[in-house]
């Protein structure tokens with residue numbers, strides 16, 4: 001049995017992957033309009049063929065320090081499910097590597113997560129890609145506990 005295809009990418013020197021079925025497209029770095037009073041992980045909004053797409057910094061979401069943009073910086077446009085609705089989000093990564101499959105069709109949870117006092121809920125499992133350790137990101141869980149999820153809800157109408 002073949003494992004599903006994944007898109008591999010790098011953030012802060014670590015290798016990550018998401019299922020290719022969750023990736024709408026991969027964008028070169030483009031302008032992002034900063035939002036006032038936004039949390040650190042929300043870089044702002046970018047235009048995607050007339051649609052406003054929030055862009056988040058994967059490094060910050062994963063508890064890593066922010067990094068500088070480089071010519072290899074990319075925005076993964078992915079879909080997440082939040083409160084039963086599909087939302088399109090841009091995820092800034094340091095570099096996208098390739099579309100591939102995990103070695104040996106194997107992805108395992110981090111069994112020691114509780115012992116290490118690490119929730120690990122943002123990681124669906126750990127696999128290997130060409131022998132290198134790769135953390136497969138659980139996009140829905142990554143965004144579930146963030147204020148961004150609430151930002152995806154429609155704003156209430158203002159009272160006159």
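The values are calculated or read from the model by the stated rules, or taken from the named source; none is laboratory data. Quantities reported herein were computed from a predicted structural model and do not represent experimental measurements. Note: ideal-geometry Cβ built from the backbone for every residue, glycine included; neighbour counts use all protein chains shown.
Report whether or not residue 149 is under 18 Å from the mean Cα position of the chain (by Cα), at pLDDT below 75 and assigned to a loop (DSSP other than H, G, I, E, B). First the steps, then the outcome.
Details: under 18 Å from the mean Cα position of the chain (by Cα): yes; at pLDDT below 75: yes; assigned to a loop (DSSP other than H, G, I, E, B): no.
Here the answer is no, as residue 149 does not meet what is asked.
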Filter result for residue 60 (modelled with pLDDT of 85 or more, surrounded by fewer than 20 Cβ atoms within 10 Å (Cβ to Cβ) and not in a loop (DSSP other than H, G, I, E, B)): yes
Some residue of the range 104-115 being under 17 Å from residue 18 (Cα atoms) and modelled with pLDDT of 80 or more: no
Selection count, the range 7-37, where residues are within 15 Å of the chain's Cα centre (by Cα) and outside any loop (DSSP other than H, G, I, E, B): 19
Residues satisfying the stated conditions in the range 72-86, i.e. touching a residue at least 24 places away in the same chain (Cβ under 8 Å) and either under 22 Å from residue 33 (Cβ atoms) or not in a loop (DSSP other than H, G, I, E, B) (or both): 73, 74, 75, 76, 77, 78, 79, 80, 81, 82, 85
Matching option when the condition is modelled with pLDDT of 85 or more and crowded, with 17+ Cβ neighbours inside 10 Å, among 133, 96: 96
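Do we find that residue 101 is within 17 Å of residue 140 (Cα to Cα) and either touching a residue at least 12 places away in the same chain (Cβ under 8 Å) or more than 15 Å from the chain's Cα centre (by Cα) (or both) in this structure? Don't jump to the end; show me each part of the working.
Details: within 17 Å of residue 140 (Cα to Cα): no; either touching a residue at least 12 places away in the same chain (Cβ under 8 Å) or more than 15 Å from the chain's Cα centre (by Cα) (or both): yes.
For residue 101, the condition - within 17 Å of residue 140 (Cα to Cα) and either touching a residue at least 12 places away in the same chain (Cβ under 8 Å) or more than 15 Å from the chain's Cα centre (by Cα) (or both) - is not met.
Does residue 57 satisfy the criteria of being out of contact with any helix residue (DSSP H, G or I) (no Cβ under 7 Å at 6 or more places or on another chain), without any contact (Cβ under 8 Å) to a residue 60 or more places away in the chain and within 19 Å of residue 87 (Cβ to Cβ)? Before you say what the answer is, go through the steps one by one.
Details: out of contact with any helix residue (DSSP H, G or I) (no Cβ under 7 Å at 6 or more places or on another chain): yes; without any contact (Cβ under 8 Å) to a residue 60 or more places away in the chain: yes; within 19 Å of residue 87 (Cβ to Cβ): yes.
Yes: the conditions hold for residue 57.
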Residue match in the range 38-57 (condition: modelled with pLDDT of 90 or more, assigned to a loop (DSSP other than H, G, I, E, B) and at positive phi): yes
Top-ranked residue of the range 1-31 - restricted to ones that are within 17 Å of residue 68 (Cβ to Cβ) and touching a helix residue (DSSP H, G or I) at 6+ places or on another chain (Cβ under 6 Å), ranked as surrounded by the most Cβ atoms within 10 Å (Cβ to Cβ): 11
Residue in the range 32-50 that is out of contact with any helix residue (DSSP H, G or I) (no Cβ under 6 Å at 6 or more places or on another chain), within 22 Å of residue 126 (Cα to Cα) and touching a residue at least 12 places away in the same chain (Cβ under 8 Å) present: no
